[in-house]
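**Q** Below is one structure. I have some questions about it.
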Amino acid sequence: MSALPADTETSDTQASDSLADQMARLGRDARAAAARLSTTPAAAKNQALAAAADAIRQARPAILAANAADLEDARRAGLSGAMVDRLLLNDARVEAMARGLEEVAALPDPVGDTLAEWTRPNGLRIARVRVPLGVIGIIFESRPNVTADAAGLCLKSGNAAILRPGSESFRSSRAILAAMQAGLAAAGLPAAAVQMVPTADRAAVGILLGMSGVIDVIVPRGGRGLIERVIAESRVPVIRHLDGNCHVYVDGAADLAMARAIVGNAKLRRTGVCGAAESLLVDRRAAATHLAPIVRDLLDGGCEVRGSAEVAAIDPRVVPATEADWSTEYLDAVISATLVDGVEGAIAHIERYGSHHTDAIVTDDETAAARFLAAVDSAVVLHNASTQFTDGGEFGMGAEIGISTDKLHARGPVGAEQLTSYKYVVRGSGQLRP
């Protein structure tokens with residue numbers, strides 16, 4: 001890993017309890033900000049989001065300069081091409097961050113929404129009402145745009161955020177944070193509503209994970225090593241996913257042109273995103289007509305194909321797959337490929353090797369599609385569409401804080417609505433329980 005920027009390193013003279021003090025202060029400020037945000041009107045939150053979007057556009061030169069320094073260190077440290085792509089910001093990606101904030105502002109405010117209400121025989125009126133979670137800690141690697149996405153979604157849902165970016169994106173994230181805080185100031189909201197851990201010292205992560213009673217939920221977004229550490233050490237509830245081993249199953253009744261287009265997009269549009277396809281499954285009934293064109297499209301597109309013996313026989317460029325390939329998230333231009341016996345074979349393969357993230361079926365057979373969509377136990381299942389649609393923006397959420405493969409609280413893209421809980425509001429007229 002590259003050396004940290006000099007002004008982010010913890011100095012030799014800084015005592016360990018000083019870092020603990022800094023983190024405690026972040027926590028106190030965040031809780032105070034969360035208390036205020038929980039009752040902040042939607043108009044004020046939307047004003048802050050719009051102002052933050054404008055500030056990001058105005059700060060584009062500073063953000064890109066900070067990102068250029070991060071990229072220089074990343075390349076010097078030998079980060080993979082996929083990791084560098086995740087880190088990269090350009091004019092289009094900066095504009096996408098700003099637009100994402102505006103889209104979040106345009107969403108309905110989830111806070112205060114009445115989910116259900118009823119009246120008991122004794123006259124008590126009971127309502128289940130959506131409320132913020134409180135303080136959300138977000139630990140992420142590589143992608144600096146998470147700074148804006150996460151902060152914007154937390155603000156919209158009435159939560160305060162404490163962000164801990166990876167050292168590789170520290171400068172970029174800090175520049176984006178400054179724009180977010182400018183938006184808060186323009187709307188008269190506390191800057192502590194969105195804060196960033198002031199050091200890239202790994203010890204700060206351990207402190208953050210132990211801040212039970214201060215932080216209400218932790219959202220890790222990064223590689224398996226980060227996620228496993230958070231799961232093992234956190235004393236705070238976690239919204240997480242470990243891997244994105246996503247599958248595309250091409251059924252015997254699939255339209256060939258559609259299958260070729262979907263597989264190519266699902267794998268190669270952006271190989272470093274967690275919704276990228278990592279495994280190709282083809283129905284044996286379609287092997288004679290569908291397998292060779294799809295595999296050759298991938299190979300010609302610069303993708304390494306690691307295939308079973310039947311797939312390897314198609315083209316000498318196919319690399320023989322190992323058992324580990326079926327469960328690997330490559331996040332690169334690599335895909336595993338094998339034949340299966342119909343939709344039931346695809347379901348069985350995904351259950352054995354998949355990560356319950358995103359899986360797709362390509363078929364014109366509605367019965368096969370219905371069986372796949374019902375039986376595959378993943379956060380997102382698709383029929384005749386690319387796995388790369390697993391994205392909060394594509395789901396109409398404006399942005400996302402991550403993709404959850406958990407089954408409790410939130411599953412799939414985590415947007416503003418998923419960053420809320422609920423409470424029961426009971427109204428009476430003097431009722432006493434007998």
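**Q** So which residues in the range 370-400 are hydrophobic (A, V, I, L, M, F, W, C), assigned to a loop (DSSP other than H, G, I, E, B), more than 14 Å from H357 (Cα to Cα) and modelled with pLDDT of 95 or more?
**A** A385
**Q** In addition: Among the residues in the range 114-126, are any buried (at least 24 other Cβ atoms within 10 Å of the Cβ), of a type in the set (S, T, N, Q) and more than 30 Å from D332 (Cα to Cα)?
**A** no
**Q** Which of the following residues is touching a Lys or Arg at 6+ places or on another chain (Cβ under 6 Å), among the hydrophobic types (A, V, I, L, M, F, W, C) and either crowded, with 18+ Cβ neighbours inside 10 Å or modelled with pLDDT of 95 or more (or both): V219, V236, V197, V248?
**A** V197
**Q** Then there's this: Output the helices (runs of 4 or more DSSP H) that fall wholly within the range 1-117 and possess 1 or more residues being modelled with pLDDT of 95 or more and under 30 Å from K267 (Cβ atoms), or say none.
**A** Per the criteria, 60-76, 91-106.
**Q** Separate question: Search the range 65-87 for residues being closer than 28 Å to A48 by Cβ and either charged (D, E, K, R) or buried (at least 19 other Cβ atoms within 10 Å of the Cβ) (or both), and hand back the single one that is farthest from the chain's Cα centre (by Cα).
**A** A66
**Q** Right, A337: in contact with a helix residue (DSSP H, G or I) (Cβ under 6 Å, 6 or more places away or on another chain) and under 21 Å from A253 (Cβ atoms) or not?
**A** yes
**Q** On to the next question. Identify, from the list G415, G354, the residue that is farther than 30 Å from S157 by Cα and in contact (Cβ under 8 Å) with a residue 24 or more places away in the chain.
**A** Matching residue, one of G415, G354: G354.
**Q** Please find, among A374, A368, A333, the residue that is surrounded by fewer than 22 Cβ atoms within 10 Å (Cβ to Cβ) and touching a residue at least 60 places away in the same chain (Cβ under 8 Å).
**A** Checking each option against the conditions leaves just A333.
**Q** Continuing with this model, one more query. From the residues in the range 118-154 that are in a loop (DSSP other than H, G, I, E, B) and within 24 Å of the chain's Cα centre (by Cα), which one is modelled with the lowest pLDDT?
**A** Once the filter is applied, the top-ranked residue is S142.
Conditions tested, residue by residue: (1) modelled with pLDDT of 95 or more; (2) of a type in the set (D, E); (3) outside the structural domain of A368 (by TED's automatic domain parsing); (4) touching a strand residue (DSSP E or B) at 6+ places or on another chain (Cβ under 7 Å).
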site: G272; (1), (2), (3), (4): no, no, no, no
site: H290; (1), (2), (3), (4): yes, no, no, yes
site: C303; (1), (2), (3), (4): yes, no, no, yes
site: D315; (1), (2), (3), (4): yes, yes, no, no
site: V318; (1), (2), (3), (4): yes, no, no, yes
site: A324; (1), (2), (3), (4): yes, no, no, no
site: D332; (1), (2), (3), (4): no, yes, no, no
site: I335; (1), (2), (3), (4): yes, no, no, yes
site: E351; (1), (2), (3), (4): yes, yes, no, no
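**Q** What strands (runs of 3 or more DSSP E) completely inside the range 262-349 contain at least 3 residues that are within 23 Å of the chain's Cα centre (by Cα)?
**A** Strands (runs of 3 or more DSSP E) meeting the threshold: 277-283.
**Q** Out of all the residues in the range 413-434, which are part of a strand (DSSP E or B) and within 21 Å of P144 (Cα to Cα)?
**A** Result: P413, single match.
Okay, residues lined up against (1) part of a loop (DSSP other than H, G, I, E, B); (2) in contact with a Phe, Trp or Tyr (Cβ under 9 Å, 6 or more places away or on another chain):
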{"position": "A192", "(1), (2)": "no, no"}
{"position": "A200", "(1), (2)": "yes, yes"}
{"position": "V205", "(1), (2)": "no, no"}
{"position": "P220", "(1), (2)": "no, yes"}
{"position": "G225", "(1), (2)": "no, no"}
{"position": "E228", "(1), (2)": "no, no"}
{"position": "I231", "(1), (2)": "no, no"}
{"position": "H241", "(1), (2)": "yes, no"}
{"position": "G252", "(1), (2)": "yes, no"}
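The values are calculated or read from the model by the stated rules, or taken from the named source; none is laboratory data. Everything numeric in this text was worked out from a predicted model, so none of it was measured. Neighbour counts run over all protein chains shown; Cβ positions are idealised from the backbone, glycine included.
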